[in-house]
Each structure stands twice: as structure tokens, then as C-alpha cells.
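Undergrad: One structure follows; several queries about it will come next.
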Amino acid sequence: MVDILLKRLYGLNALKIEKSVVGAGSDTYFADCAEGKFVVKFPSVSEMNNPETEPKLCEFLLEKGVNVCEFIRNKDGNFLSADDFGRVFHVQKFIDGKVYDMNTAPDWLLLKSAEMLGKIHTALKAYEGLPVGIGADFFRFMTPENALHSYENSLRIARENGDREIEADLLYRIGLMKNFPKYQFEIEKLTCANTHGDYFISQLICGEDRINAVIDWTTACVHPAVWEVVRSYAYAAPECADGVINAEKLADYFKAYLRFSSLNKYDIEAAASLFYYQISVCDYYGQYYSSAADNREIYLHQAVFSTRLMKWFEHNIGGITEDLLNISDR
């Protein structure tokens, strides 16, 4: 099917097609063609995904010297195509390199990841039109009370399925939501930036000691910049695999980011609690149960991982915040 689409819509002659097992929700294929190597991606249908904006955004970043995906146009001159069932897809040039698994980043990649995120935020200051991600509406609707209801529904499904480990995680989250701290984030004080939206280690294609490209920009939006800084560190650093944050390494990650972008003191003060709040009120287990994707196990992995982090943050939020504030005081 993919080979027929490539021939009909792009004039590309596919020699070999392989489906990727990486990524959650989307269907991605690697196509070896007589004309070169390409990636064909069918983004998952989601209010967070905006595939129509991705090619234009990547063109902008390439002009700014940021290595990202390069999309190709179909025979009609459009970046966005559709198959016979109406599913939209892109075709982009294949980028050679290695993709590291979650929490396996070597030291050089940790620093390069932070620097790259800083470069992206600085480059995108001049870009207009991205939707708001974590903003006022997020805090209005994603509350501990609403999360509690969602977790209770997921708990019912877990029990019906006999998923004992998931049941235990959900019982922990339910107990936490009943006594969750009353965080009040002042969104107008946070540095909200045009950003990738899902920037983490699996989106980085790497060479020996450099990042060859940042891929998958379908969720590009406006987020508090500091949220994506903490999140990208947590998904990359090896010690975070067990849900433990290393204050010194996180501080180094922030300093690498700050070489190419800026944050205010309130950003740094809110950094840990903002990330803790977000992973606590989002029901990743519900995403796992509702997903029909072949690779939906990725959602479960992220859910279990975030629960480990929550257990660490619950007892260490004050200490890590104090450590981060030392950065802004230097």
C-alpha cells in the first residue's frame, strides 16, 4: 500500500518498505527507493497533533540552522497527502544516525540535548501561529479532582483485566490525588515558548558525538519552556530510569540550556513542581487502555515511568527546587 502511494503521489519507486516499531500512536514506514531513502509517517489523529504545520515549521528551523526533518512535496506541490481511506501522511528525507532508548543518554548527549533545546527556543521566538499546549486551560481542566475521576475509571479497567501492577500504581495515584499539594502556577510569569512539544531522547537522531537532527514536530506548540527542559532531562538521563533525579546533573543540564536561551527566576522556582504536577494529573494508564495502536505498550512504559518519578518527587520536591534555585543565584 505505501509503495503504491509513493509511486502514485510522489513518483518514487519503492524497493523495500519496513514499518517502524518506535513511537506511540503514529504509523511510520522506512522506504528504500530508487531515488533515495525516505520516511513515510501517518500521524495519529489527536487534538495535539498538527501535521499540516510540521513541514513549514521545519523549513523555518532549517533556515535558522537547526537540523530537523526535510519534507518533500507530492506531485500537486503539497507537503500533506492522503491515502484512499483519508488518512493524512507526510514524506520526508531519511536521516541517518542512531536513536538512543529512553534513559540511556551518554554524558555528551545530555549536554547536547539541552543545548539543542535552547537553540530551538531561541530560533522559534520569531515564529507565529503555534497552538497553546500547557497554558491557562491546562490548569483549568487538568486538576487533581479531574485526575482522580480518570484514575478511578482506569482502575476499574485494570481490575477487570487482572492487571495487578497497574492496579497498584493507580491506587498510589488515587491516594496522592486525594491529598495533592495546592499548586498555583502563575502562567503569565512563566516563560512560555514556541517549542517541539514532545522533545525527548527518542526524537533525536545522533551521530558519534553530535545530534544529526530533531524529528517529529507534529505536536509543536507553546509550552512553559522550563517544563520541556525538565521533561527532556528525565527521559534521557540514565539515573532517572528508576525515578531518581540527580540534582547535580539536572543543574548541569539547565546550565547547558541557558547557554543558548534564557529563563527567569520564577521559571526555575516552578520547574520541578510544574513537571511533577503535569505527570501527576495526566492519566497515561487511560491512554494505554484507550489506544488501538499496535505499539500501545509505549504508553504503558511511560505511565509506569512517570509513576516512579512521582514517588521520588513526592518526597524530594523541596530539595530539588532549592538546588535549582542555586543556579539562578550564581
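The values are calculated or read from the model by the stated rules, or taken from the named source; none is laboratory data. Bear in mind that the values here come from a model prediction, so they are computed numbers and not experimental data. Every residue, glycine as well, gets a Cβ built from its backbone with ideal geometry; the counts of neighbours run over all protein chains shown.
Undergrad: Can you tell me which residues in region 71-104 are in a strand (DSSP E or B) and among the hydrophobic types (A, V, I, L, M, F, W, C)?
TA: Phe71, Ala82, Val88, Phe89, Val91
Undergrad: So for region 105-122 (the condition being among the hydrophobic types (A, V, I, L, M, F, W, C), in a strand (DSSP E or B) and either at pLDDT below 95 or over 19 Å from the mean Cα position of the chain (by Cα) (or both)), does at least one residue qualify?
TA: No - not one qualifying residue is present in region 105-122.
Undergrad: Now a separate question. Specify which of the listed residues (Ala270, Ala293, Ala256) is modelled with pLDDT under 95 and in the same structural domain as Ile166 (by TED's automatic domain parsing).
TA: Being modelled with pLDDT under 95 and in the same structural domain as Ile166 (by TED's automatic domain parsing) holds for just one of Ala270, Ala293, Ala256, which is Ala293.
Undergrad: Looking at region 127-164, which of its residues are among the charged types (D, E, K, R), within 21 Å of Ser306 (Cα to Cα) and without any contact (Cβ under 8 Å) to a residue 24 or more places away in the chain?
TA: Glu152, Arg156, Arg159, Asp163, Arg164
Undergrad: Answer yes or no as to whether Glu160 is surrounded by 15 or more Cβ atoms within 10 Å (Cβ to Cβ) and more than 25 Å from the chain's Cα centre (by Cα).
TA: So Glu160 fails the test.
Undergrad: Now, a different point. Filter region 87-111 down to the residues that are without any contact (Cβ under 8 Å) to a residue 60 or more places away in the chain and touching a Leu at 6+ places or on another chain (Cβ under 8 Å) and list them by number.
TA: Val88, His90
Undergrad: Quick check on this structure: which one of Ile157, Ile215, Ile205, Ile211 is over 30 Å from Ile95 (Cβ atoms) and either assigned by TED's automatic domain parsing to the domain that holds Lys56 or β-branched (Val, Ile, Thr) (or both)?
TA: Going through Ile157, Ile215, Ile205, Ile211 in turn, the sole match is Ile157.
Residue by residue, here is whether (1) farther than 22 Å from Ala168 by Cα; (2) surrounded by 20 or more Cβ atoms within 10 Å (Cβ to Cβ); (3) touching a Cys at 6+ places or on another chain (Cβ under 7 Å) holds:
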| site | (1), (2), (3) |
| --- | --- |
| Ala271 | yes, yes, no |
| Val281 | no, yes, no |
| Gly286 | no, no, no |
| Ala293 | yes, no, no |
| Lys311 | no, no, no |
| His315 | no, no, no |
| Leu324 | yes, yes, no |
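Undergrad: State all residues of region 56-86 that are small (Gly, Ala, Ser) and either surrounded by 18 or more Cβ atoms within 10 Å (Cβ to Cβ) or within 17 Å of Asp216 (Cβ to Cβ) (or both); if no residue qualifies, say none.
TA: Across region 56-86, the qualifying residue is only Ser81.
Undergrad: Using the structure shown, decide if Gly129 is over 30 Å from Val214 (Cβ atoms), assigned by TED's automatic domain parsing to the domain that holds Val304, of a type in the set (Gly, Ala, Ser) and loosely packed, with under 14 Cβ neighbours inside 10 Å.
TA: Taking the combined requirement at face value, the residue does not satisfy it.
Undergrad: Listed residues Ile201, Ile174, Ile187; which is in contact with a Phe, Trp or Tyr (Cβ under 9 Å, 6 or more places away or on another chain), without any contact (Cβ under 8 Å) to a residue 60 or more places away in the chain and under 22 Å from Thr307 (Cα atoms)?
TA: Exactly one residue qualifies, and that residue is Ile174.
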